[in-house]
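Scroll down for the structure; my scribbles are underneath it.
The values are calculated or read from the model by the stated rules, or taken from the named source; none is laboratory data. Quick caveat: nothing in here was measured; it's all calculated off a predicted structure. We place every Cβ from the backbone using ideal geometry, glycine too, and count neighbours over all the protein chains shown.
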Amino acid sequence: MLLDVSPAQDTSTNDAEAGHVPSQTFPRLIGEGRSDPAWGAELFENPFSIEDLLVFDDAAMQHMLSTECLRPTLEDLAWSLHGASKALVESIRDNLPLQERTQFETELSRPISRDQVEAARRRVLDGLFWELTYWKTPELYEELTEGEQVHPGIFQRLEPDLRGKTVLDAGAGSGRASFECVRHGAGLVYAVEPSPGLLRILERKLASLLTGPPGSRIVPYQGRFDHIPLEDNCVDVSLSCSAFTAEPGQGGEVGLAELKRVTRPGGKIVVIWPRREDYDWLVGHGFQYVVLITLGLLSVEWQNEKFVFCLSERKKTNVFRSDTGTKKLG
Ligand SMILES: C[S@@+](CC[C@H](N)C(=O)[O-])C[C@H]1O[C@@H](n2cnc3c(N)ncnc32)[C@H](O)[C@@H]1O
């Protein structure tokens with residue numbers, strides 16, 4: 001059963017059966033609401049080490065260090081680098097804003113205990129867990145999303161907007177939504193994604209397909225919400241699945257302006273699986289809230305048994321979408 005209700009009518013919403021939680025929030029969500037704080041930690045032991053930060057290129061490092069919701073405190077950052085390689089320390093120092101470097105150096109040379117270093121490293125690595133997953137272990141991310149069902153109603157519902165059209169999939173990852181767009185008739189999909197590892201997986205998938213659709217209809221590009229490498233007004237639909245948030249650096253005002261810039265007048269912008277805390281922001285920016293409900297079990301089935309998370313039987317999936325009209329939302 002597919003229902004379309006407005007937030008005001010959506011009185012049954014609660015955290016347990018909230019709309020799909022973007023993948024970025026799984027560790028927090030699973031840990032929350034449990035009386036045993038070790039439960040989430042046990043499930044999501046962070047596999048990364050501080051030297052893994054070397055995986056980021058300068059642009060990605062600068063982006064993280066200037067993005068409020070991602071960046072660690074300067075103290076944690078510097079303390080986590082006590083005993084780290086020269087290459088890593090230099091990479092981080094050189095990508096910090098100039099005005100922060102002196103304080104960084106001070107914290108870097110402050111005598112602290114081994115425990116303080118370890119605690120700072122844990123906080124830094126936990127905060128960057130998903131970025132590290134996308135960049136350092138894209139194959140693991142691919143494994144996670146392979147088992148994570150996208151509500152079938154989303155793309156069925158979008159089909160009239162996609163058929164024969166040019167689409168941007170922003171924050172495309174390894175192309176989960178891009179392939180759905182092509183399956184539902186899109187003529188051309190630009191898949192824009194910052195992680196080189198995820199782009200490589202997408203390219204491998206495209207290369208393994210015979211020539212012809214969908215392989216020839218998906219064009220991968222490296223890019224971010226704040227700098228989409230496309231011309232003005234060149235797509236009919238811009239969408240983002242489990243990636244765009246209201247946070248500066250993960251979309252926000254600048255990212256939305258970019259989505260509007262590349263979407264032609266009269267086109268649509270669609271945010272699939274928005275974060276609950278962004279609902280008001282999205283509505284305030286002219287998005288219309290669409291909830292799809294289905295009866296039956298939608299589940300996330302990951303091969304890695306540490307990542308098993310069954311969603312409630314009555315599953316809702318949220319989609320926000322917005323008509324761009326004459327380059328104006330609403
Ligand atoms: C949860 S994944 C979703 C990927 C894909 N859309 C899907 O549904 O499988 C979030 C994606 O957003 C990308 N991302 C993170 N920050 C971004 C930014 N500032 N601009 C564009 N994409 C970003 C990540 O690299 C990652 O691929």
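Quick notes on this structure:
- Candidates ALA60, ALA87, ALA120: the one that is in contact with a helix residue (DSSP H, G or I) (Cβ under 8 Å, 6 or more places away or on another chain), free of Cβ contacts under 8 Å to residues at least 60 places away in the same chain and crowded, with 16+ Cβ neighbours inside 10 Å is ALA120.
- Among the conditions (1) more than 10 Å from the ligand (Cβ to nearest atom); (2) part of a strand (DSSP E or B); (3) within 28 Å of LEU65 (Cα to Cα), VAL219 misses just one, which is (3).
- Residue within region 249-270 that is part of a loop (DSSP other than H, G, I, E, B) and either buried (at least 16 other Cβ atoms within 10 Å of the Cβ) or under 15 Å from the mean Cα position of the chain (by Cα) (or both) present: yes
- Test: VAL291 is at pLDDT 95 or above and either of a type outside the set (Gly, Ala, Ser) or within 17 Å of the chain's Cα centre (by Cα) (or both): no
- Region 187-206, residues that are under 22 Å from the mean Cα position of the chain (by Cα) and among the small types (Gly, Ala, Ser): ALA191, SER195, GLY197
- Once region 172-196 is narrowed to residues that are in a helix (DSSP H, G or I) and under 18 Å from CYS241 (Cβ atoms), the residue that is nearest to the ligand (Cβ to nearest atom) is ARG176.
- Flag for PRO229 being part of a loop (DSSP other than H, G, I, E, B), touching a helix residue (DSSP H, G or I) at 6+ places or on another chain (Cβ under 9 Å) and within 15 Å of the ligand (Cβ to nearest atom): no
- When GLY83, GLY164 are screened for being at positive phi, away from the ligand (no atom under 16 Å from the Cβ), over 15 Å from the mean Cα position of the chain (by Cα) and not assigned by TED's automatic domain parsing to the domain that holds VAL219, only GLY83 passes.
- Annotation for region 92-104: at least one member residue is surrounded by fewer than 18 Cβ atoms within 10 Å (Cβ to Cβ), assigned by TED's automatic domain parsing to the domain that holds SER80 and β-branched (Val, Ile, Thr).
- The lone exception for GLU146 - which of (1) out of contact with any strand residue (DSSP E or B) (no Cβ under 8 Å at 6 or more places or on another chain); (2) away from the ligand (no atom under 16 Å from the Cβ) it fails: (2)
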